[in-house]
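Since every read-out is calculated from the coordinates, none of them should be taken as a lab result. This structure is a prediction, so every number in the text was calculated from the model and none was measured. We place every Cβ from the backbone using ideal geometry, glycine too, and count neighbours over all the protein chains shown.
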Amino acid sequence: MIGASIVTGATFIWLQHRRETLGGAQTLPMNLLRNSAYFDRIGCNHSVFSGIAGVVLVLSIFLQSGLKLTAGEAGLAIVAHPISVVAASVIAGRFGTRWLELRICAEAMFLSSAWYGYVRSLRMPLRKFRGITFNFHYF
């Protein structure tokens, strides 16, 4: 898949460059890719969002294999994150750049309270993993 993505990316850039030379409409203007600051930010965003997807994948495997949760329980444990992200995005879209610091703090509190509320309402029984007992009732 990595090889296919490299080939696909190179093909996309080649097609966009070709459209630029022919004077056609471009999906991504080539002058943006020539800007090193923009290109660096694309790389940073790619690593962050790839990391988020990787964490969710590893977390679901850990919850099922390590903590012996069922697939449904693991899915319910993870579903709080995307729901919170959607809610935070709606809030961010309404406020724009107004009250930036307050908005960031409010969204962080919302995300943490949503996770805390979910874990508190889960009421999972005791689980054992390699001799360690996990008690989800201590909240």
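Hey, can you grab everything whose amide H is under 5 Å from the amide H of LEU69? Only 5+ residues off in sequence or another chain; H modelled, so Pro and N-termini drop out.
So LEU69 has HN proximity to GLN64.
Please list 35-46, 57-68 highest first by mean number of surrounding beta-carbon atoms within 10 Å per residue.
The packing order, highest mean first, is 57-68, 35-46.
Rounded, prolate or oblate: pick one for segment 1-121, where a ≥ b ≥ c are the square roots of the eigenvalues of its C-alpha gyration tensor, a/c under 1.5 means rounded, and failing that, prolate if a/b is larger than b/c, else oblate. Don't skip to the answer; put the middle values down first.
On the way: a/c = 3.35, a/b = 1.60, b/c = 2.10.
Verdict is oblate for segment 1-121.
Return the sequence-ordered ³J(HN,Hα) values of segment 19-32 in whole Hz as given by the Karplus equation 6.51 cos²θ - 1.76 cosθ + 1.60 applied to θ = phi - 60°, using x for Gly and Pro.
Karplus values, whole Hz, x for Gly and Pro: 5, 5, 5, 8, x, x, 6, 10, 6, 10, x, 5, 5, 5.
Would you kindly derive the ³J(HN,Hα) couplings of segment 74-81 from the backbone phi angles with the Karplus curve 6.51 cos²θ - 1.76 cosθ + 1.60 (θ = phi - 60°), listing them in order in whole Hz, with x for Gly and Pro?
Each residue's phi maps through the Karplus curve to give 5, x, 5, 5, 8, 5, 5, 5 Hz.
Is the shape of segment 39-100 best called rounded, prolate or oblate, per the rule: a/c under 1.5 gives rounded, else a/b larger than b/c gives prolate, else oblate, with a ≥ b ≥ c the square roots of the Cα gyration tensor eigenvalues?
Values: a/c = 4.66, a/b = 1.59, b/c = 2.93.
It comes out oblate by the Cα gyration axes.
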